Protein chains: 2
Amino acid sequence: MSVILTTPAKKRSTRTAPEIRARSFDRVTDRPSQIENLLSQKEQDRLREIATVLEYRRGGLTIFSEGEDAHFVYAIDEGVIRISRHAENGQRQILAFMVPGDLFGLPDGGMHVNTAETVSAVRLYRFPWQQLVRMMMEEPQLQLNLLVRVAYDLRQAQRQIMILGQQSTDQRLAFLLLDFLRHPEFYDERDGRLRLPINRFDLADYLGIARETAVRAIAKLERDGLLRRIDSETIQILDVAGLRAMQLGRRRRSASTD
Amino acid sequence: MSVILTTPAKKRSTRTAPEIRARSFDRVTDRPSQIENLLSQKEQDRLREIATVLEYRRGGLTIFSEGEDAHFVYAIDEGVIRISRHAENGQRQILAFMVPGDLFGLPDGGMHVNTAETVSAVRLYRFPWQQLVRMMMEEPQLQLNLLVRVAYDLRQAQRQIMILGQQSTDQRLAFLLLDFLRHPEFYDERDGRLRLPINRFDLADYLGIARETAVRAIAKLERDGLLRRIDSETIQILDVAGLRAMQLGRRRRSASTD
DNA sequence: CGCCGACTTGACACCAATCAAGATAAGTGG
DNA sequence: CCACTTATCTTGATTGGTGTCAAGTCGGCG
């Protein structure tokens, strides 16, 4: 069975072709998503029964928005998405970028509190939340798996709190770059080239700085010989150790001086 | 059965008497901790079987430190604790203050990644992690309860990311004050007096600012007529609405201007 | 009474947000 | 293929905010 989903046209979209395709979950990929790794064959089969595959053809598409009723949770099979939230004054903060294997969309009081949008073309697995809850009550191992994932997200969030609470602009940028260096999807270790899948807007909103400040931070690291800009979305990393060292410096003294 | 635990003497401690007492979990409080609310009587009984009550007599005591092996999780029955983490350069960031009903100490790879310390006198329930896991595998409802709690912590962490990424010093302070206003334990709505259970060190390390900056922010809110300092740990709130309004202003324009 | 830690205030330099303007690149329509 | 539009990226100038160093005050405790 094949289903075509429609989404409200994005402001920057000029296409009219369907951006998303959905179909039932069977043999769509040879790389199993991480959620399957810890589960028995039987459990995987049951998950497949309730899952739908969604395909988003490009970046900038909304998967769900904060405030909407939440009926599904999602797992990424391919591509990058961003999780963001808007303050009451309208400012956007990007809470996380998520990559294949990550899970997102857990409801909070039946609603989505965050917004999820594609950064690149994306393939997702979509699970009906109610059915998933029923399954989890019967399969404790499945529930434990979900618990581990949420706990991981919590650790990641705390990590970002550390960055935003303590690091200078340059350090924040180094932190983001080092994170992306771990993904061979974006970083070619041989020639040292990193293709940043995110634009300066997203980068700034993630690091909690202004867009111009982000650009200047990149320019500074370039002056310092740590990297070289190829084009706006590609940079060549010249000194990984230097980036790491930069994170160790201190922006401000700790309030609690021992 | 009564057990006496010992902890390494704290630097500011001059006492020699035992700071912590532990005893088995039975009828120690007439106010049930929140973890019990959603559980059946049978499940509560089972929880009691594996729980121990710990009492810390004062603030500044370490419950566990980052890097230690994690064998227990904890629930707060009474008092306030702080969860912190130290960056590689030694800077401390306070990730959260936790109050009665909150749960903390979930292991990550068998270890504690954060440090937990008492802010005031505290009574805790301590649960052996392994036994709790076994119970959860048999009682899905218990596990779901834990999942809900971790998800809640994640939302709180994301909330702090919003604050640290977007808000000015004054706004951050207003945010913290408004949070404490919700707890009748600290805020007397009649005379408007707020007893801050945390010192300026903790306050600054929580908000990601320098200690002096925190003091100056308080002074500024006082000049603006929003509050009045009684003594270093007590302030009188004069304009709650003004504090709320302060949070809505924007420190900087969003990077993603629509 | 004197010490000590926590709190507070002042001075100053520097970093980053903001406003402004230009550069680059990709798309669009002629 | 070229002019035009638009979005994104980049750089400059300016100002306010915040970290840091320094000094002083306050309160508790021995």
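The values are calculated or read from the model by the stated rules, or taken from the named source; none is laboratory data. This structure is a prediction, so every number in the text was calculated from the model and none was measured. Cβ sites come from the backbone with ideal geometry, for glycine too, and all protein chains shown count toward neighbours.
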(request) Within the stretch B:55-101, work out how many residues are in contact (Cβ under 8 Å) with a residue 60 or more places away in the chain and closer than 21 Å to B:ARG149 by Cα. (result) 11
(request) Exactly one condition in (1) surrounded by 21 or more Cβ atoms within 10 Å (Cβ to Cβ); (2) more than 11 Å from DNA strand D (Cβ to nearest atom); (3) within 14 Å of chain B (Cβ to nearest Cβ) is not met by A:ALA217; state its number. (result) (2)
(message) Residue under question is A:ASP191, and the condition is that it be over 15 Å from A:ALA174 (Cβ atoms), more than 10 Å from DNA strand D (Cβ to nearest atom) and outside the structural domain of A:GLU78 (by TED's automatic domain parsing); does it hold?
(response) yes
(message) For the stretch A:215-235, which positions are away from DNA strand C (no atom under 13 Å from the Cβ) and among the small types (Gly, Ala, Ser)?
(response) A:GLY225
(request) Go through the stretch B:151-161 and count every residue that is crowded, with 19+ Cβ neighbours inside 10 Å and either more than 18 Å from the chain's Cα centre (by Cα) or touching a residue at least 40 places away in the same chain (Cβ under 8 Å) (or both). (result) 3
(request) Within the stretch B:174-188, count every residue that is among the hydroxyl-bearing types (Ser, Thr, Tyr) and within 14 Å of DNA strand D (Cβ to nearest atom). (result) 0
(message) Every residue in the stretch B:176-214 that is without any contact (Cβ under 8 Å) to a residue 40 or more places away in the chain, within 13 Å of DNA strand C (Cβ to nearest atom), within 14 Å of another protein chain (Cβ to nearest Cβ) and buried (at least 16 other Cβ atoms within 10 Å of the Cβ), please.
(response) B:ASN199, B:ARG200, B:PHE201, B:LEU203, B:ALA204, B:ALA210, B:ARG211
(request) Please name all residue pairs, on different chains or six or more residues apart, with Cβ atoms under 6 Å, provided the first residue is in the stretch B:126-144 and is not assigned by TED's automatic domain parsing to the domain that holds B:GLY109 and the second residue is acidic (Asp, Glu). (result) none
(message) Among the listed residues B:ALA245, B:ALA241, identify the single one that is away from DNA strand C (no atom under 12 Å from the Cβ), within 14 Å of chain A (Cβ to nearest Cβ) and surrounded by fewer than 21 Cβ atoms within 10 Å (Cβ to Cβ).
(response) B:ALA245
(request) List the number of the failed condition for A:GLY242; all other conditions in (1) touching a residue at least 40 places away in the same chain (Cβ under 8 Å); (2) more than 11 Å from DNA strand D (Cβ to nearest atom); (3) not assigned by TED's automatic domain parsing to the domain that holds A:MET98 hold. (result) (1)
(request) Determine, yes or no, whether B:VAL122 is under 29 Å from B:ARG92 (Cβ atoms) and either touching a Cys at 6+ places or on another chain (Cβ under 6 Å) or facing another protein chain (nearest Cβ under 7 Å) (or both). (result) no
(request) From (1) within 15 Å of DNA strand C (Cβ to nearest atom); (2) in a helix (DSSP H, G or I); (3) within 14 Å of chain A (Cβ to nearest Cβ); (4) more than 30 Å from B:GLY90 (Cβ to Cβ), pick out the condition that doesn't hold for B:ARG149. (result) (1)
(message) Here's a check for you: in the stretch A:85-114, which residue that is within 9 Å of another protein chain (Cβ to nearest Cβ) and among the small types (Gly, Ala, Ser) is surrounded by the fewest Cβ atoms within 10 Å (Cβ to Cβ)?
(response) A:GLY90
